[in-house]
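Everything below concerns the one structure shown next.
The values are calculated or read from the model by the stated rules, or taken from the named source; none is laboratory data. Model, not experiment: these values are computed from the prediction. When we count neighbours, we look across all protein chains shown, and the Cβ atoms used for this are built from the backbone with ideal geometry, even at glycine.
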């Protein structure tokens, strides 16, 4: 296996990694399986009663004890997507384990050991399906060898089932545990030399497996970041500068220190500008015996701030400026044909400007981290999506080597990209070091909404031309939004190729002229990524425009999508990119092609399942949108009813999804159900605005997310049968839902939506 | 600071805390009952829902001094074995995604079924509208409550 030496990852490169998961960790993982450990795979330990046990540990993900206990390591972070269940079940399936007896253990942050742990970009299953299969199959291989030796039968006659090796001819059976001692003396085969199960024999993959944490969650025993605790732990709450990039000029903590329970008040140094993706904001921390004392102490801090250049920033004003900017010519990023010519020859031109606001992640569990710094070492417990990234930056900030930092990953009470950023973990580490106490940093809701790494606002102008033959002849998409890159480097003024590849430059329709242009949008705020990232505004623009184009052409929007996708073909995009590349979510497009046949198939499926074209009463309508993101094909039909008071009800949603091989049907469905709800918030409820650099919203009254009465009533998820390589499902449900809903609102009311969130009264 | 005697899950505790400390922090920080979650601190999200006698209350906004001799029930005390019909229904429907808001959801649902054992869909929606779920598990929450509410 060829090994590449790549630079150590820093959080500042995370933004590009979200869109481009590196393959280096995959190489390491398979390298490890292929003989990093050849022999000596047994370790020793004791069970709870002190009985001595031997363990077979053929790789870092799996441990089988001589008592037949199977422990599988979940090395990626659980935030509700079900990954603590879905990756382990792949190992268990290949191994032939009795799933009901498998224990799942969370791996600490250690990418040298486990491979990529940055749980982001919907690529856990995509990246680890094959390594997990190999990990299970490797252990199975060793166990079968051991049994075959014992029974003096050919290996080929043996198989595994229910945590036993079975000899098919004689029906002899032996528990895995009894084979551990012998199996652990055998050479570990290379990953390429283990036989994988035939797909028809999968018993967990493709099924509906409940999540492993289910009982702990419903009984309140599950441990989230906020629940982590150690003896002597104190709680810190931080007053951060209300303006990004500002800093503490001076402060008076006399009153804060007078609150019973307050122990210490410590200034936290901020990153300044650029705000960075990993460093804290400037602020003053109050450390107390309990959370309430810390909150009360913080309320009594008197702080004078130096606000810095963002003090004059207004989001409404930036939207006005960007609206003017996108009216002009911009930087060409993808060009096909001659748009000017298409415009000149057009029978009809449709042109609109689309505006979407800043959004906050608003995880119900706010950021939270516990740190203990002692004897030159630091141990962390945190709800992090990126434990290795946290480890690296804590090492840097504390001046310790990475080996001296341990990051334990708790369950994440929602994440959606927010908890990729380790700023809150750095806060805990710094305060633990300076105070000499175990410190848990707690963010209130106000802290979370006002100091998030926001999903950036966007202003986009789209122009579509229809020619004399009633064909869509030209597509021109102008885009302006603060790039994620600007958070680490304020000189970045335009979207990256990665950001544009999320719904803009991957415009898939086969028409004569395509021109994608970008414009400057300066930002010095903390801009980050939110579930499906730039797909949110860019697909809102594309898919609502396409609905209007279909209407102007007097064709059905679904028939139009099938027509414009054209014949069965693989789209590459690369050759039309101007001085750039189409990044295809970090995958080589020859391995993960953009297949029009698969997109057409999900569109046809959703049309059939939703009863597309059915007649609905006045005030009701159906809307359609389709989009491929994170390499998964999705088509969506939303039904709405709008009453005389403009109240929007969503009776049904239908999704058709092609994510290749389906690993856990139940979690695929739950991600789509949740994705529809998440997108409903984006479409109808949520907006962050800033005045004078300060965020206007500070709790769930100002920043609204969807509540049960307004949420979609029925969500049907239709999963395509496929043997193709599996792709992600966490983010793909979000992008097409919002435009499908807006198109349905148009069908119901005759009102087109160009600005989010929807305001039918305005 | 003042001393308060509170009854939580059938057990009496004496705590010495600031008089305005919300019940949420008494439960979590003083008594170590972390199944009740923080979400907003302003009774806007329902993550901190517990029962005060029979009623669902937002413990983040209920000062300890206002609890008096009311009986508090948290998720830990809803059922001794964690097998309350709603907990079982939640497992059957695999309701949770991240799971963080679910204890509050279950406590709200349990209070609803106490006062209205067979709620309609719109009654469920009204009763549960104070509980936010960012993962979007509303459909399964509704299905789980309906399955218990329609059982005899």
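Quick notes on this structure:
- Filtering the stretch B:47-60 to residues that are at pLDDT 95 or above and more than 8 Å from every other protein chain (Cβ to nearest Cβ) leaves B:48, B:49, B:50, B:51, B:52, B:53, B:55, B:56, B:57, B:58, B:59, B:60.
- Among the residues of the stretch A:400-423, those that are assigned to a strand (DSSP E or B) and either out of contact with any strand residue (DSSP E or B) (no Cβ under 8 Å at 6 or more places or on another chain) or within 14 Å of another protein chain (Cβ to nearest Cβ) (or both) comprise A:409, A:411.
- Residues of the stretch A:678-695 satisfying the condition of being touching a strand residue (DSSP E or B) at 6+ places or on another chain (Cβ under 8 Å) and within 14 Å of chain B (Cβ to nearest Cβ): A:680, A:682, A:684, A:686
- Reported count of residues in the stretch B:94-124, each being within 7 Å of another protein chain (Cβ to nearest Cβ) and either farther than 24 Å from residue A:669 by Cα or assigned to a helix (DSSP H, G or I) (or both), is 3.
- Of all residues in the stretch A:293-307, exactly one satisfies the criterion of being surrounded by 18 or more Cβ atoms within 10 Å (Cβ to Cβ) and either within 16 Å of residue A:275 (Cα to Cα) or at pLDDT below 95 (or both), namely A:307.
- In the stretch A:328-342, the residues that are surrounded by 14 or more Cβ atoms within 10 Å (Cβ to Cβ) and farther than 15 Å from residue A:474 by Cβ: A:330, A:331, A:333
- Residue match in the stretch A:186-201 (condition: touching a residue at least 24 places away in the same chain (Cβ under 8 Å), buried (at least 20 other Cβ atoms within 10 Å of the Cβ) and within 30 Å of the chain's Cα centre (by Cα)): yes
- Among (1) in contact (Cβ under 8 Å) with a residue 12 or more places away in the chain; (2) within 8 Å of another protein chain (Cβ to nearest Cβ), the one test that residue B:63 misses: (2)
- Annotation: of all residues in the stretch A:675-715 being part of a strand (DSSP E or B) and more than 22 Å from the chain's Cα centre (by Cα), the one that is nearest to residue B:97 (Cα to Cα) is A:714.
- Looking only at residues in the stretch B:125-140 that are touching a helix residue (DSSP H, G or I) at 6+ places or on another chain (Cβ under 6 Å) and facing chain A (nearest Cβ under 7 Å), the one that is surrounded by the most Cβ atoms within 10 Å (Cβ to Cβ) is B:138.
- Checking the stretch B:25-46 against the condition returns no match, with no residue being closer than 25 Å to residue A:699 by Cβ and away from chain A (no Cβ under 11 Å).
- In the stretch B:94-107, the residues that are in contact with a helix residue (DSSP H, G or I) (Cβ under 7 Å, 6 or more places away or on another chain) and either in the same structural domain as residue B:10 (by TED's automatic domain parsing) or buried (at least 24 other Cβ atoms within 10 Å of the Cβ) (or both): B:95, B:96, B:97, B:99, B:102, B:103, B:105, B:106, B:107
- When restricted to residues that are part of a loop (DSSP other than H, G, I, E, B), facing chain B (nearest Cβ under 7 Å) and in contact with a strand residue (DSSP E or B) (Cβ under 6 Å, 6 or more places away or on another chain), the stretch A:205-238 contains 1.
- All conditions in (1) surrounded by fewer than 19 Cβ atoms within 10 Å (Cβ to Cβ); (2) without any contact (Cβ under 8 Å) to a residue 24 or more places away in the chain; (3) not in a loop (DSSP other than H, G, I, E, B) hold for residue A:609, with the sole exception of (2).
- Output for the stretch A:368-387, where each listed residue is in a loop (DSSP other than H, G, I, E, B) and either in the same structural domain as residue A:535 (by TED's automatic domain parsing) or more than 30 Å from residue B:104 (Cα to Cα) (or both): A:375, A:376
- Residue in the stretch A:704-711 that is farther than 24 Å from residue B:145 by Cα, within 10 Å of chain B (Cβ to nearest Cβ), in contact with a helix residue (DSSP H, G or I) (Cβ under 8 Å, 6 or more places away or on another chain) and without any contact (Cβ under 8 Å) to a residue 60 or more places away in the chain present: yes
- Among the residues listed as A:181, A:134, the single one being touching a helix residue (DSSP H, G or I) at 6+ places or on another chain (Cβ under 6 Å) and either at positive phi or part of a helix (DSSP H, G or I) (or both): A:134
- Filter result for residue A:547 (closer than 29 Å to residue A:614 by Cα, in contact (Cβ under 8 Å) with a residue 24 or more places away in the chain and part of a loop (DSSP other than H, G, I, E, B)): no
- Matching residues, the stretch B:69-93, being assigned to a helix (DSSP H, G or I) and either in contact with a helix residue (DSSP H, G or I) (Cβ under 6 Å, 6 or more places away or on another chain) or more than 8 Å from chain A (Cβ to nearest Cβ) (or both): B:75, B:77, B:78, B:85, B:86, B:87, B:88, B:89, B:90, B:91, B:92
- Exactly one residue among A:426, A:397 is in contact with a strand residue (DSSP E or B) (Cβ under 9 Å, 6 or more places away or on another chain), in contact (Cβ under 8 Å) with a residue 40 or more places away in the chain and not in a strand (DSSP E or B), and that residue is A:426.
- When the test is whether a residue is assigned to a strand (DSSP E or B), outside the structural domain of residue A:531 (by TED's automatic domain parsing) and either crowded, with 24+ Cβ neighbours inside 10 Å or at pLDDT 95 or above (or both), residue A:90 does not pass it.
- Exactly one residue out of A:22, A:54, A:30 is within 29 Å of residue A:279 (Cβ to Cβ), buried (at least 17 other Cβ atoms within 10 Å of the Cβ) and modelled with pLDDT under 95: that is A:22.
- Filtered by the rule that a residue be under 14 Å from the mean Cα position of the chain (by Cα) and surrounded by fewer than 24 Cβ atoms within 10 Å (Cβ to Cβ), the stretch B:26-35 gives B:33, B:34.
- Residue B:41 more than 24 Å from residue A:447 (Cβ to Cβ) and either at pLDDT below 95 or under 15 Å from the mean Cα position of the chain (by Cα) (or both): no
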